[in-house]
1. What pairs in 13/66; 3/68; 13/68; 11/66; 11/88 have C-alpha atoms more than 25 Å from each other?
2. For the residue pair residue 38 and residue 2, what label-to-label distance in nm results when each label sits 7 Å from Cα along the Cα-to-beta-carbon direction?
3. According to a simple spin-label model (label point 7 Å from Cα along Cα-to-Cβ), what is the distance in nm between residue 13 and residue 79?
4. Would you grab the residues whose amide H sits under 5 Å from the one on residue 73? Only those 5+ places off in sequence or on another chain, please, with H modelled 1.01 Å from N.
5. Between residue 91 and residue 65, what length comes free when the chain is fully extended (0.36 nm per residue of separation minus the Cα-Cα distance, one decimal in nm)?
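Readers should treat all values here as calculations from the given coordinates under stated rules, not as data from a laboratory. These figures come from a predicted structure and were not determined experimentally. Glycine gets a Cβ as well: all are built from the backbone with ideal geometry, and neighbour counts include every protein chain shown.
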Amino acid sequence: EEKRRRKDIEKMKQHWDMVGFVADSQYRIPRRCPCGGSIKHDVSPSPKFKHDFDTQPGSRYFTCTKFKDDGHHFRQPWVFGVEQEIAKLVMKVEEQSKTIEKM
């Protein structure tokens with residue numbers, strides 16, 4: 001009974017640890033999912049709004065290749081990752097500009 005209870009507790013802890021890893025990893029453009037799967041650029045099959053027109057209609061996502069909707073895999077809207085990546089790059093350029101000015 002005690003062994004089964006410990007296994008259940010350990011399984012629950014692993015589940016919540018993985019959910020935390022996924023939440024922590026959702027910053028900038030993802031390279032890998034916390035589960036170890038690779039990330040693909042995914043486009044939903046239908047446009048988000050009726051007036052949308054594009055070469056690739058629908059919403060774009062960074063999605064784990066092993067994605068299941070269980071909270072253990074990565075799926076992030078494309079625009080969030082790209083915006084965060086650009087903000088990080090702008091900060092780097094500003095830092096380098098300040099360094100160059102000091103020289």
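1. Working: 13/66 21 Å; 3/68 29 Å; 13/68 19 Å; 11/66 20 Å; 11/88 36 Å.
Among 13/66; 3/68; 13/68; 11/66; 11/88, the Cα-Cα distance tops 25 Å for 3/68; 11/88.
2. 4.8
3. Result: 4.1 nm between the two label points.
4. Amide H neighbours of residue 73: 68.
5. Numbers: separation 26, 0.36 × 26 = 9.36 nm, distance 3.10 nm.
Full extension of this stretch gives 6.3 nm more.
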